[in-house]
1. Could you name the lysines whose alpha carbon sits less than 22 Å from that of residue 50, not counting residues in the same chain fewer than 8 places away?
2. Over the chain, with a Gaussian network built from C-alpha contacts below 10 Å, which listed residue (31, 124, 46) shows the highest mean-square fluctuation?
3. Within the stretch 55-99, which residues have the backbone N less than 18 Å from the label spot 7 Å out from residue 109 along Cα→beta-carbon, could you tell me?
4. With the full set of protein chains in place, find how many percent of the accessible area of the stretch 1-105 is carbon and sulfur; take the probe as 1.4 Å.
5. Pick from 47, 39, 77: which residue has the top mean-square fluctuation in a GNM of the chain where Cα pairs under 10 Å get a spring?
6. Subtract the Cα-Cα distance of residue 5 and residue 84 from 0.36 nm times their separation in residues, and report this length gain in nm to one decimal.
7. Would you calculate a helix-derived [θ] at 222 nm for the chain, using -39,500 (n - 2.57) for each DSSP H run of n ≥ 4 and dividing by the full residue count, to the nearest 500?
8. What angle, in degrees between 0 and 90 and rounded to the nearest 10, separates the Cα long axis of helix 91-103 from the longest principal axis of the Cα atoms of the chain?
Amino acid sequence: KAALTAFPVVVVCSLISDLPFHLLMLAYIITFLGAIPVAAVGFIFTAYAKNFNSFNYIWPLYVTPMFLFCGVFYDIAQNPEWVQWVGYALPLTHVIQLSRPISMGELPSLNETLLHVSYLLAVTSFFIVISYAKIKKRLYD
């Protein structure tokens with residue numbers, strides 16, 4: 001779903017911006033890579049949901065802190081140190097750290113890219129394992 005949602009954004013950006021096409025495609029891949037851990041957390045919420053109204057907790061418990069602590073609106077370094085640690089634990093921070101230089105027409109450094117992509121892959125694997133185990137337990141118990 002994230003890939004389908006991000007594609008029109010890439011098309012519009014290619015029409016109205018000066019960014020090279022390869023940078024837009026890289027941003028598209030990063031968006032997809034960042035959507036997977038968020039979806040896995042959604043599966044975890046699904047596994048713990050008692051009823052349909054339980055899904056209302058996703059916004060205040062997960063999405064809002066990501067927007068506030070991950071540097072979406074301002075640099076994460078402006079936050080107190082404990083908030084920075086919370087921000088770096090959330091996957092959106094790493095997507096932003098990779099996407100921000102691309103939006104300015106630059107490539108992130110190789111070390112930075114490896115660090116953030118590795119974290120996204122690790123946290124994705126962790127969330128998928130937890131969600132799979134919990135959903136399997138809920139379905140078969």
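The values are calculated or read from the model by the stated rules, or taken from the named source; none is laboratory data. Since we're looking at a predicted model, the values are computed, not measured. Please note: Cβ atoms are built from the backbone with ideal geometry, for glycine as well, and neighbour counts cover all protein chains shown. Accessible surface areas use protein heavy atoms only, side chains included; no ligands, DNA or RNA. Shrake-Rupley method; radii C 1.70, N 1.55, O 1.52, S 1.80 Å.
1. 134, 136, 137
2. 46
3. Output list for this probe position: 76-77, 94-99.
4. Whole-percent figure for carbon plus sulfur exposure: 73.
5. Of 47, 39, 77, the Gaussian network model singles out 77 as fluctuating most.
6. Working: separation 79, 0.36 × 79 = 28.44 nm, distance 2.87 nm.
Stretched fully, the residue 5-residue 84 segment lengthens by 25.6 nm.
7. On the way: 6 runs with 102 residues, N = 141.
Helix contribution divided over all residues of the chain: -24500 deg cm²/dmol.
8. Taking Cα atoms only, the helix is inclined about 20 degrees.
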